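Take a look at the structure below.
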Amino acid sequence: MPPFDPTRIEQLRRDIVFQETLMGHPLTFHTTWGLFSPKGIDAGTRLLLDHLEVRPNERALDLGCGYGPLGLAIAKAAPQGFCTLVDKDFVAVEYARKNAALNGIENVEVLLSNGLDQVPAERRFTLAVTNLPAKTGKEHYYLFFHDIHQRLEPGGRFYVVVISGLRQFIKRSFTEIFGNHKKVKQGKSYTVAMGVKA
């Protein structure tokens, strides 16, 4: 076993920092070990951003925001709008707030919330997005979808990216809850789908 190296431990404690261009905007991200995809933007998030329509005045929701790539990219693309980022992990919330400040993005709010339970009850959205974790039960997804449907304005769009193995479940649940389902893009590993509130 190699000897204990205190300098290596200190290196691991430092923020991971990288730059990305998302939706045409250069952004800098600070992350840390233990957050999802800490060394760079994951393929699912990238696929979703590549096929997402964002209007300049969206009132948007990023559910399960992590360190903020989806929500912050949307906020940059919607300068007359506002994006609410939520995550149940306090470390993710801390880093999403830090990344919003580092990139000078002020039209956002980052909330520590289990689903939408800490989002003000009167708040309504024209756009919602989530990169669903593969390890959560379908019951959990179903609750999320129902709660998002309740909070969308009529005509509001909900985009989700999932591993492609879940695409049939997404189709069934969106059809049941939203009354519609559109497969926006199916990649090798991930699928982007959308439901629209009537």
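Quick look at the numbers
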| quantity | calculated |
| --- | --- |
| Selected residue [within 20 Å of Leu22 (Cα to Cα), modelled with pLDDT of 95 or more and surrounded by 14 or more Cβ atoms within 10 Å (Cβ to Cβ)] from Val91, Val119, Val129 | Val129 |
| Some residue of the stretch 49-58 being farther than 19 Å from Lys188 by Cβ, under 15 Å from the mean Cα position of the chain (by Cα), of a type in the set (Val, Ile, Thr) and modelled with pLDDT of 95 or more | yes |
| Pair list, Cβ under 9 Å, 6 or more apart: the stretch 175-198 residue touching a residue at least 12 places away in the same chain (Cβ under 8 Å) and more than 17 Å from Gln150 (Cα to Cα), other residue assigned to a helix (DSSP H, G or I) and acidic (Asp, Glu) | Lys185/Asp50; Val192/Asp50 |
| Unique residue being within 27 Å of Leu166 (Cβ to Cβ), within 12 Å of the chain's Cα centre (by Cα) and not hydrophobic (A, V, I, L, M, F, W, C) when the list is Gly44, Gly40, Gly137 | Gly44 |
| Count - residues of the stretch 177-188 that are outside any strand (DSSP E or B) and surrounded by 13 or more Cβ atoms within 10 Å (Cβ to Cβ) | 4 |
| In the stretch 71-90, the residues that are assigned to a helix (DSSP H, G or I) and closer than 16 Å to Leu52 by Cβ | Gly71, Leu72, Ala73, Ile74, Ala75, Lys76, Ala77 |
| Residue count for the stretch 53-70, restricted to those that are out of contact with any His (no Cβ under 9 Å at 6 or more places or on another chain) and either farther than 22 Å from Glu153 by Cβ or in a helix (DSSP H, G or I) (or both) | 4 |
| Complete set of residues in the stretch 102-116 that are exposed (fewer than 13 other Cβ atoms within 10 Å of the Cβ) and modelled with pLDDT under 95 | Asn114 |
| Residue count, the stretch 151-176 (criterion: small (Gly, Ala, Ser) and not in a helix (DSSP H, G or I)) | 2 |
| Of all residues in the stretch 1-44 being in a helix (DSSP H, G or I) and of a type in the set (D, E, K, R), the one that is nearest to Ala92 (Cα to Cα) | Arg13 |
| Residue check, Tyr141 among the hydroxyl-bearing types (Ser, Thr, Tyr), at pLDDT below 95, farther than 21 Å from Glu58 by Cβ and crowded, with 19+ Cβ neighbours inside 10 Å | yes |
| Extreme residue, nearest to Gly195 (Cα to Cα), among residues of the stretch 26-68 that are polar (S, T, N, Q) and touching a Phe, Trp or Tyr at 6+ places or on another chain (Cβ under 7 Å) | Thr31 |
| Single residue of the stretch 91-142 satisfying the filter (touching an Asp or Glu at 6+ places or on another chain (Cβ under 8 Å) and assigned to a loop (DSSP other than H, G, I, E, B)) that is nearest to Lys76 (Cα to Cα) | Arg124 |
| Tabulated pairs, the stretch 30-51, first touching a residue at least 12 places away in the same chain (Cβ under 8 Å) and on the phi < 0 side of the Ramachandran plot, second part of a loop (DSSP other than H, G, I, E, B) and among the aromatic types (Phe, Trp, Tyr), C-beta under 7 angstrom, 6+ apart or interchain | Thr31/Tyr67; Leu35/Tyr67 |
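The values are calculated or read from the model by the stated rules, or taken from the named source; none is laboratory data. All figures in this text were calculated on a predicted structure; none of them were measured in a lab. Here Cβ is always computed from backbone atoms with ideal geometry, including for glycine, and neighbour counts include all displayed protein chains.
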